[in-house]
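Trainee: Attaching a single structure in structure tokens format; questions to follow.
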Amino acid sequence: TSAALALLGGSVAALVVWKWLGRKTIQKKMEEARRTRDEGMKKMAKAVQQFREQVPSVQTDAILSLPLLELTRRLQEGSLSPRTVLYTYLEKALEVTQQTNCLRHFIPECEEQLQEIEQHKEKGLLYGVPVSIKDHIGHKGHLATCGLVQCLDTLMEEDSVLVKVLKKQGAIPFAMTNVPQSLFSYECSNPIFGQTLNPLNPRRGPGGSSGGEGALIAGGGSILGIGSDMGGSIRLPSSFCGLCGLKPTAERLRWVPALPFQPCPCALGPMARDVDSLALCMKALLCQEMFQLDPTVPPIPFNEQVYSSSTPLRVGYYDTDGYFPLPPCMRRAVKETRRALEAAGHQLVLFSPPRVPYVVTELFLKTFFADGGRAWLDVFTGGIVDPGLKSQVNSCKMPRLVKKLLALLLKPLQFLLPLKLKEIAMISTCRSVKEMWNHQHQIQVYRSQFISQWKELQLGVSNMLAKIWQPFLSGKSKSLPSAQHTNRSQKPTSPFSEMSHRPKESSQNLLERSEPPGEPSLVPCLQAVSGAVGMPVAVQCVALPWQDELCLRFMKEVETLSRDK
């Protein structure tokens with residue numbers, strides 16, 4: 001007995017020591033990653049200082065204020081040098097990240113790329129343009145961390161296809177931006193590099209998962225960025241930070257999965273301060289170099305004729321999905337945009353997305369959590385979970401039987417539940433391969449129904465104006481189902497072209513109410529908008545698959561009308 005107790009005690013002690021050593025190893029890896037980032041920033045700051053000493057007369061503010069189209073024109077004609085533009089944005093990016101913690105790492109090879117393009121006789125469409133890229137978009141010699149400790153050991157052996165094409169077009173990737181842990185959050189925080197703040201209001205976040213991009217561009221530290229979007233990861237940060245962002249049809253640009261699970265198609269897309277910048281970026285990327293490097297990308301160049309068209313549009317719109325309440329400022333944004341479009345000669349038609357509650361709870365979430373979240377939980381193995389994800393992680397860790405019982409009890413009450421309980425109530429799983437195949441079939445059925453309803457309204461140009469959750473939700477939005485928006489028809493299925501844009505007017509009187517004061521579902525909505533006066537209000541535009549240029553054209557119309565107000 002004594003020997004058995006001694007053996008048991010020794011085993012427990014060994015387990016404790018093993019866990020302690022594992023935790024120390026993790027902490028060491030994270031500290032090393034942060035140290036590498038800080039050293040890179042110091043190196044860039046030194047390079048900027050040297051440039052400043054060599055060229056003290058640079059008009060920084062004038063360069064930073066140039067729209068992308070004007071900047072590229074001056075770079076092409078030679079009135080601005082790529083060197084001047086690069087170091088101007090490096091300096092500004094350093095300033096912005098000190099305020100917001102938006103950068104994961106500078107790319108020191110940007111100086112080599114600068115020297116290389118200066119030797120080229122042919123100038124690409126993005127010649128000399130500094131471009132920031134999201135953390136997980138592969139760049140040779142750098143990590144693609146996704147905010148996970150397990151990804152801190154492997155450097156990329158080569159540039160991703162998208163980075164290769166950017167460089168071919170003369171762009172200079174100069175920084176990688178911060179993301180939420182596992183990319184699966186509408187906040188932007190991870191245990192390695194910390195939390196990113198919104199440059200428009202540091203008490204709020206920039207959204208996720210392309211939150212670092214949103215913060216850097218909104219702060220003026222980048223003129224063009226590349227993000228990714230599976231469930232709103234470009235559109236929400238664009239909305240939160242008052243930018244334009246395009247989620248194109250997923251197969252339109254090359255995508256390499258950053259994580260071992262990908263429940264539905266994910267798209268790479270541009271983020272910038274205006275629509276023309278998005279169009280120029282897409283035009284540059286949809287080139288022969290892209291089609292040759294990746295034969296899975298359809299060889300469809302950018303359709304300039306569609307983007308430049310002035311034909312009046314027939315636009316479907318809605319300001320509520322009947323599932324989650326909206327603050328008055330959002331309804332106002334859709335209403336004002338609708339009136340401006342009608343005044344400009346476009347035809348507006350009321351469009352009601354079919355069966356939204358069913359799509360959110362049964363299609364969207366069941367696609368992500370078909371295995372009960374097991375594949376997602378695996379990425380945290382041996383690591384630390386960010387506080388913003390703990391409630392979701394804990395929900396997924398519950399035994400299947402417990403989750404089934406809770407879902408059964410809570411689902412009928414989901415509209416009255418606090419958000420954390422609502423997460424549990426909405427988690428569904430596929431219990432067999434047969435059920436998974438049936439689930440995929442139901443997705444296709446809904447997709448057909450959605451498109452049929454779209455066509456029945458004779459939306460000839462296949463555009464729809466719709467709401468998107470706003471930056472006043474920053475730091476509070478990770479659980480809000482309304483954030484999925486058209487993903488309920490698109491995300492688990494074939495993608496739609498989507499884009500978010502900031503109307504000219506900011507939100508005011510956010511706390512005015514149109515629903516009965518005692519309605520429980522309005523409580524989180526009112527909490528979210530509290531203190532958000534002055535933050536941007538956005539609308540979202542949607543087009544059918546492969547109509548990316550049409551989506552951009554519609555967004556350009558909305559942008560022009562909002563600026564003319």
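Trainee: With r defined as the distance between the Cβ atoms of residue 435 and residue 381 and R0 fixed at 25 Å, what FRET efficiency is calculated, to the nearest 0.05?
Mentor: Once rounded, the FRET efficiency stands at 0.40.
Trainee: Quick one: if the Förster radius is 51 Å, what FRET efficiency do residue 120 and residue 19 give, using the C-beta to C-beta distance and rounding to 0.05? Could you put the intermediate results ahead of the total?
Mentor: Working: r = 54 Å, r/R0 = 1.06.
So, using R0 = 51 Å, E works out to roughly 0.40.
Trainee: Also, quick follow-up: Explain nothing, just the number: relative contact order of the range 246-356, from Cα pairs under 8 Å at least 6 residues apart, as a whole percent. Don't jump to the answer; show the numbers that get you there.
Mentor: Numbers: 98 pairs, mean separation 23.6, N = 111.
Taking the mean separation of contacting Cα pairs over the length of the range 246-356, I get 21 percent.
Trainee: Next question. Excluding same-chain residues fewer than 8 positions from residue 28, which aspartates and glutamates have a Cα within less than 13 Å of its Cα?
Mentor: Reachable aspartates and glutamates: 153.
Trainee: While we're here: Given 0.36 nm per residue, what is the gain on full extension from residue 70 to residue 452 after removing their alpha carbon distance, in nm? Can you show the working numbers first?
Mentor: On the way: separation 382, 0.36 × 382 = 137.52 nm, distance 4.17 nm.
In short, 133.4 nm is gained.
Trainee: Compute the distance in nm between two label points, each set 7 Å from the Cα along the Cα-to-Cβ direction, one at residue 112 and one at residue 34.
Mentor: Label at residue 112, label at residue 34, 2.9 nm between them.
Trainee: List the residues whose amide H sits under 5 Å from the amide H of residue 315, counting only those 5 or more places along or on another chain, with H placed 1.01 Å from N in the peptide plane.
Mentor: 347, 348, 349
Trainee: OK, next. DSSP beta bridges in the range 24-295, what fraction antiparallel, as a percent rounded to 5?
Mentor: 65
Only the coordinates and a few stated rules stand behind these numbers; no lab work does. All of these numbers come straight from a predicted model, not from anything done at the bench. Using ideal geometry, Cβ is built from the backbone for each residue, glycine included, and neighbour counts are taken over all protein chains shown.
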